[in-house]
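The values are calculated or read from the model by the stated rules, or taken from the named source; none is laboratory data. Computed from a prediction, not measured in an experiment: that's the story for all the values here. Every residue, glycine among them, receives a Cβ derived from its backbone with ideal geometry; neighbour counts consider all protein chains shown.
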């Protein structure tokens, strides 16, 4: 940080904040003497602050005026500087702030089943408090970090001592300490800080807006990162069973829980295999079918002018656009428009003999199966991998499909996230063996 004459902190502050329209300088009477207050009126409730001024002054802190960045950062975080006539050092005052964050509400994206309905907000310490309400235990560790140089941002590392492996905690801490000067604008910046794989078919972390889900991740040995002004908790690292296992499953009887997970595993296989199998049975290895079924499949493609792979890619592209449109459109009209559009387009394409009826059934099955998996991030990697299985099936038939699945298994076996192999089935630390 740049050092300067302490008497010049006011001039330096005014100079650096000259282009901030909400920066305010106001003189008020404090203890019978005029004092100058410096603050951002977009973040500070001045009337409430003045009403509580006596109690706030007792908790104020003198700041080192020789550190320009400290003074400016104090104001940018929504605090107040008070000029002190008895000293060159200004007083740092934590005022009553204007409320910019929404209150604790129900989940906006995830569908909570048999769990509490509260969700994270944009306020970092509110989110930490939600976790403390779920886990009332002294070994819940919370460590905060401030990252960035041009854009300062707070984040919190949360884990349970003894439940989380020391190797995971040390890895995350070391990466954060080594990269504190980096600015964090989004999750991608955070993943770069933590040295996560840049390209990966499966996410190396879990994202959730539910405190209940996050608390269960902590109990399973994961470490949690909370970012200020980001209403999701990121759990590191993700492992293979996170593809089909939800923490809310633990609220069901064991038989129901096993059945749900079986359905998700079956959905994973259906999503990966069915598009490639359609091409294999139509164009490459039709001899694998019984003659009656082979004739039925051939009749379904009667009049279709394109090869099977063009037909499949055409329909998969349309389905991807329908999925994206459903996500991006307003909630009030999105599902209706995409449902009507999907039905009309699908029927028109079949009647025009551009694709077969069987393909509509196959891709609808594959798409539905894709979304049975746990977590939206997990579904995206499988959607991408389906294109690889289709290309391999087109070129090498059933052997290409088998080879693509074997390659996926080998890829997952070599994937490491936060010093943990992806094919691990447990992340528990020493307490799990006690």
- prompt: Looking at region 99-136, which of the residues that are in contact with a strand residue (DSSP E or B) (Cβ under 9 Å, 6 or more places away or on another chain), assigned to a loop (DSSP other than H, G, I, E, B) and surrounded by fewer than 14 Cβ atoms within 10 Å (Cβ to Cβ) is modelled with the lowest pLDDT?
  reply: 105
- request: For region 215-225, state whether one or more residues are buried (at least 23 other Cβ atoms within 10 Å of the Cβ), out of contact with any strand residue (DSSP E or B) (no Cβ under 7 Å at 6 or more places or on another chain) and modelled with pLDDT of 90 or more.
  value: yes
query: Could we say that residue 166 is surrounded by 15 or more Cβ atoms within 10 Å (Cβ to Cβ) and farther than 21 Å from residue 108 by Cα here?
result: no
- prompt: Of all the strands (runs of 3 or more DSSP E) wholly in region 137-239, which have at least 3 residues that are free of Cβ contacts under 8 Å to residues at least 40 places away in the same chain?
  reply: 140-147
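Being under 24 Å from the mean Cα position of the chain (by Cα), at pLDDT 90 or above, outside any loop (DSSP other than H, G, I, E, B) and within 30 Å of residue 127 (Cα to Cα): is that true of residue 265 here? Walk me through it before giving the result.
Details: under 24 Å from the mean Cα position of the chain (by Cα): yes; at pLDDT 90 or above: yes; outside any loop (DSSP other than H, G, I, E, B): yes; within 30 Å of residue 127 (Cα to Cα): no.
So residue 265 fails the test.
Filter region 287-321 for residues that are under 16 Å from residue 366 (Cα atoms) and free of Cβ contacts under 8 Å to residues at least 24 places away in the same chain; which is surrounded by the fewest Cβ atoms within 10 Å (Cβ to Cβ)? Let's see the steps before the verdict.
Pass one, region 287-321, residues under 16 Å from residue 366 (Cα atoms): 309, 311-321.
If we keep only those that are free of Cβ contacts under 8 Å to residues at least 24 places away in the same chain too, we end up with 317, 321.
Working: 317: 10, 321: 14.
Within region 287-321, the match that is surrounded by the fewest Cβ atoms within 10 Å (Cβ to Cβ) is 317.
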